[in-house]
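I have placed the structure first, in the form of structure tokens, so that the comments after it can refer back to it.
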Amino acid sequence: MFTNSVVSYPNRGNFGNNRYRGNCTGHIIVDLIETYLPAGGLFVDPAIGGGTSLDVANSMGIRYFCTDLHQGFDLVKDDLAKTVGEQADLVFFHAPYANMVVYSGHMWGKRGEPHEGDLSRMNDEQFVAALQVCLFNISDSVKPGGHYGVLMGNQRRKGQYINWSSLVERLAPDPLVDEIIKIQHNCVSDSTQYQQKKLVRIAHEKLLVFKKRPESDVLTWLHHDHEALRISVTQGIERAIRRILQCASFTSEQLVGLILARAPHYSKSLILKVLKECPYIIYDNGYFRLK
Ligand SMILES: C[S@@+](CC[C@H](N)C(=O)[O-])C[C@H]1O[C@@H](n2cnc3c(N)ncnc32)[C@H](O)[C@@H]1O
């Protein structure tokens, strides 16, 4: 059971195939189940890889449903709830970390032949879109009040830090209730990526736990997302104006001109509305300045 938001399991335990690339320790799944699965509840893993969660579930004697793309189930295309036959109390999803480890045609399937649904065979844009579809699918497969945990690591690529776990947090349609930081042991990248370079070693993954909102589905999410976007555009303008006014005072014409010269997709009327309603600035002698 989780008692701390930072966990470390130096031994992965005798669960699943430890030679399956990207496999995880079974101990984190044991802790997840002990923390979130109610007695008699159903545990689901739609991407079991080398079968770690399957072995964990068997050893704990719980009800479970475990599958993977290599078993014919595609989380990007197939409805998880329908495939399982009932809603789950807890879902564990250990997704590929984008293309860090390639699965179809490499870990399974015909050598060199990618599977079109394989999340690890997509470019970044396709991966982000498919990951969100997977999260919607998982959310809809969980009982209201139930939980799903997504284990995700971050990546360094050509000097850039790609924060896939933050992305999961933004893409999931339900509220985050726990963030478990798992210290990584024995990574393949330890021996390759960091040997000669002066780079900070990425030594953690995150297990993000979400609680399924009652009465929510993808259309509720779509409605809220539109509202959030509208608010974020207005907030963006307001915060930019506050920053600009830290440097000097401006007339409304000057401010509008400054913004539209570099960000022409904003509307003049919206900028003027934000100027009028912003509680942090005042109009003084024809000029706007910070209060
Ligand atoms: C990080 S691995 C899971 C490792 C597993 N937790 C273990 O300990 O062995 C990710 C898995 O996602 C699977 N996968 C990729 N795309 C998928 C999809 N569209 N639907 C279901 N599984 C998928 C891959 O086949 C791979 O086994």
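Could you work out the relative contact order of the chain? I mean the mean sequence separation of Cα pairs under 8 Å and 6+ apart, divided by the number of residues, in percent.
14 percent.
For the stretch 117-132, take each phi angle, set θ = phi - 60°, evaluate the Karplus expression 6.51 cos²θ - 1.76 cosθ + 1.60, and give the result in whole Hz per residue in order, putting x for glycine and proline.
With the stated coefficients, the stretch 117-132 comes to x, 5, 4, 7, 9, 9, 6, 4, 5, 5, 4, 4, 5, 5, 4, 5 Hz.
How do Leu219, Leu32 rank when sorted from fewest to most other Cβ atoms within 10 Å of their own Cβ?
Leu219, Leu32
Quick one: net charge of Leu151's neighbours, Cβ under 14 Å, K/R +1, D/E -1?
Here the charged neighbours net out to -3.
Could you tally the net charge around Val44, taking each other residue with its Cβ under 14 Å from the Cβ of Val44, Lys/Arg +1 and Asp/Glu -1?
Residues close to Val44 contribute a combined charge of -3.
Rounded to a whole number of µm²/s, how large is the Stokes-Einstein D of the stretch 12-171 at 37 °C and 0.692 mPa s, given Rh as the Kirkwood radius over C-alpha pairs?
Approximately 205 µm²/s, per Stokes-Einstein.
Taking 0.36 nm per residue of sequence separation and subtracting the Cα-Cα distance, how much length would be gained by fully extending the chain between Asp225 and Tyr287, in nm to one decimal?
Stretched fully, the Asp225-Tyr287 segment lengthens by 18.8 nm.
May I ask for the Rg/Rh ratio of the chain, computed from Cα atoms with Rh as the Kirkwood radius, given to two decimals?
Rg divided by Rh gives 1.08.
How high is the FRET efficiency from Lys158 to Thr35, r the C-beta distance, R0 30 Å, rounded to 0.05?
The value I calculate is 0.20.
What percentages, rounded to whole numbers, describe P(r) for the stretch 105-182 computed over all alpha carbon pairs with 10 Å bin width beginning at zero?
Once binned at 10 Å, the Cα pair distances of the stretch 105-182 give 15, 41, 33, 10, 0.
What list of ³J(HN,Hα) values in whole Hz, one per residue of the stretch 210-225 in order, does the Karplus curve 6.51 cos²θ - 1.76 cosθ + 1.60 (θ = phi - 60°) give from phi, with Gly and Pro shown as x?
So the Karplus estimates, Gly and Pro as x, are 10, 10, 5, 5, x, 6, 10, 8, 5, 6, 4, 4, 4, 4, 5, 5 Hz.
In whole Å, what is the distance between the alpha-carbon centres of the stretch 253-280 and the stretch 84-107?
Measuring centre to centre over Cα atoms gives 45 Å.
Using DSSP to call loops (not H, G, I, E or B), can you name the chymotrypsin sites (Phe, Trp or Tyr not before Pro) in the stretch 238-280 whose Cβ has at most 12 other Cβ atoms within 10 angstrom?
Filter output for the stretch 238-280: Tyr280.
Using modelled backbone amide H atoms (1.01 Å from N, in-plane), which distant-in-sequence or interchain residues come within less than 5 Å of Cys66's amide H?
Asp45
Given springs between every Cα pair under 10 Å in a Gaussian network model of the chain, which of Leu42, Leu199, Leu208 has the largest fluctuation?
Of the options given, Leu199 has the highest mean-square fluctuation.
In terms of modelled amide H atoms, which long-range or inter-chain residues lie less than 5 Å from the amide H of Thr251?
Correct list: Phe288.
Once every DSSP H run of n ≥ 4 in the chain is given -39500 (n - 2.57) and the sum is divided by its residues, what mean residue ellipticity at 222 nm do you get, rounded to the nearest 500 deg cm²/dmol?
-11500 deg cm²/dmol
Find, among the GluC sites (Glu not before Pro) in the stretch 193-291, those assigned to loop by DSSP (not H, G, I, E, B) with at most 13 other beta-carbon atoms within 10 angstrom.
Of the GluC sites (Glu not before Pro), the ones in loops of the stretch 193-291 whose Cβ has at most 13 other Cβ atoms within 10 Å are Glu215.
Report the far tail of the P(r) of the stretch 221-290, meaning the percent of Cα-Cα pairs longer than 16 Å.
46 percent
Would you list which lysines come within 25 Å of Lys212, measuring only between C-alpha atoms, while excluding same-chain residues fewer than 8 positions from it?
Lys77, Lys82, Lys143, Lys182
Please give me the summed charge of the neighbours of Gln246: other residues whose Cβ is under 14 Å from its Cβ, Lys and Arg +1, Asp and Glu -1.
+4
The numbers here are math on the coordinates, done by the rules we state, and not lab data. Predicted, not measured: the structure shown is a model, and the values here were computed from it. Glycine also receives a Cβ, built like all others from the backbone with ideal geometry; neighbour counts cover every protein chain displayed.
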